[in-house]
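S.K.: Below are the structure tokens for one structure; questions will follow.
The values are calculated or read from the model by the stated rules, or taken from the named source; none is laboratory data. Just so you know, these numbers come straight off a predicted model, no measurement behind them. No Cβ is skipped: glycine too gets one built from the backbone with ideal geometry, and neighbour counts run over all protein chains shown. To get the accessible areas, we keep the full protein, side chains included, count just its heavy atoms, and leave off ligands, DNA and RNA. Shrake-Rupley method; radii C 1.70, N 1.55, O 1.52, S 1.80 Å.
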Amino acid sequence: MNLPEFKMMGDANLLLEWSQEIDESLLNQILSFQGAIRQLNIDGIIETWPAYNSLAIAFDPDLIDSKSLVEELSKIESNPTSINDSKIWQIPVCYEREYGHDLEEMEKALNLRSDEIIKFHTSADYLVHFQGFLPGFMYLSGLNPCLHLPRKQNPPLRIPEGSVAIGGSQTGIYPTSSPGGWYILGNCPLKLFDAKLPNPCFVQPGDIVRFMAVSKQEYKVAKLESDLDVFDFYTLLKDE
């Protein structure tokens, strides 16, 4: 494993930064390092958060100082975990124009019909690198280049909860309503973040997401079950 560069961020946060390009191999290294840290069970570490090419660590300086923490982390030697062991989730999306507010604009910008946009969007495997921006917002790689679309110059102040959208070379799902400059092509009926659960996000970094087109009726049924907290998320798992 290539060791990262250690950078302090204030008095109680340490950033581990890798210089490699963002790809599956790098994600393996970051998740492997995160797993090794958890196994060490170092007294004073509060939480760790992966990103595209870094891992942030929050720690209690009253329990461990930064120098000692870096010394402990520098001892880590482990092989990257395999992405092949990750879960594959089939996430339902309704692409009807009622939910795909920007499909018409996307057709013009991409020079594609809406059915072609949907086909490209549902044909890819998306690798989950990390979650951020909003609780439960997944940063995914794997978007087909023909769907790359610059972000809106004048972002709306409210993107509806569950919106499935494209911005730049990325696609994602807005877990809650928020401002945002991505183009909306559909909506996911599921609750992607639930603070009441021990694991608030059922999808984790290293997992694979596949978008699955569903009808408006299927969307409404799934949304009702999700709102009532009776939706079985494990029905979304794909065995391969």
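S.K.: Report, by residue number, each residue of the range 51-81 that is open to solvent by 20 Å² or more (accessible area, probe 1.4 Å) and in contact (Cβ under 8 Å) with a residue 60 or more places away in the chain.
M.R.: A51, Y52, V70, S74, E77, S78, N79, P80, T81
S.K.: Being surrounded by fewer than 13 Cβ atoms within 10 Å (Cβ to Cβ), at pLDDT 90 or above and part of a loop (DSSP other than H, G, I, E, B): is that true of D43 here?
M.R.: So D43 fits the description; yes.
S.K.: For the range 192-222: of the residues being among the basic types (K, R) and in contact (Cβ under 8 Å) with a residue 60 or more places away in the chain, which is nearest to K87 (Cα to Cα)?
M.R.: That would be R210.
S.K.: For the range 22-40, which positions are of a type in the set (S, T, Y) and buried (at least 17 other Cβ atoms within 10 Å of the Cβ)?
M.R.: Within the range 22-40, just S32 meets the criteria.
S.K.: When you go through (1) part of a loop (DSSP other than H, G, I, E, B); (2) farther than 18 Å from W89 by Cβ; (3) open to solvent by 70 Å² or more (accessible area, probe 1.4 Å) one by one for K220, which number turns out not to apply?
M.R.: Against the list (1) part of a loop (DSSP other than H, G, I, E, B); (2) farther than 18 Å from W89 by Cβ; (3) open to solvent by 70 Å² or more (accessible area, probe 1.4 Å), K220 comes up short only on (1).
S.K.: Among the residues of the range 49-61, is there at least one that is in a loop (DSSP other than H, G, I, E, B), more than 19 Å from L140 (Cα to Cα) and not aromatic (F, W, Y)?
M.R.: Taking every residue of the range 49-61 in turn, at least one turns out to be in a loop (DSSP other than H, G, I, E, B), more than 19 Å from L140 (Cα to Cα) and not aromatic (F, W, Y).
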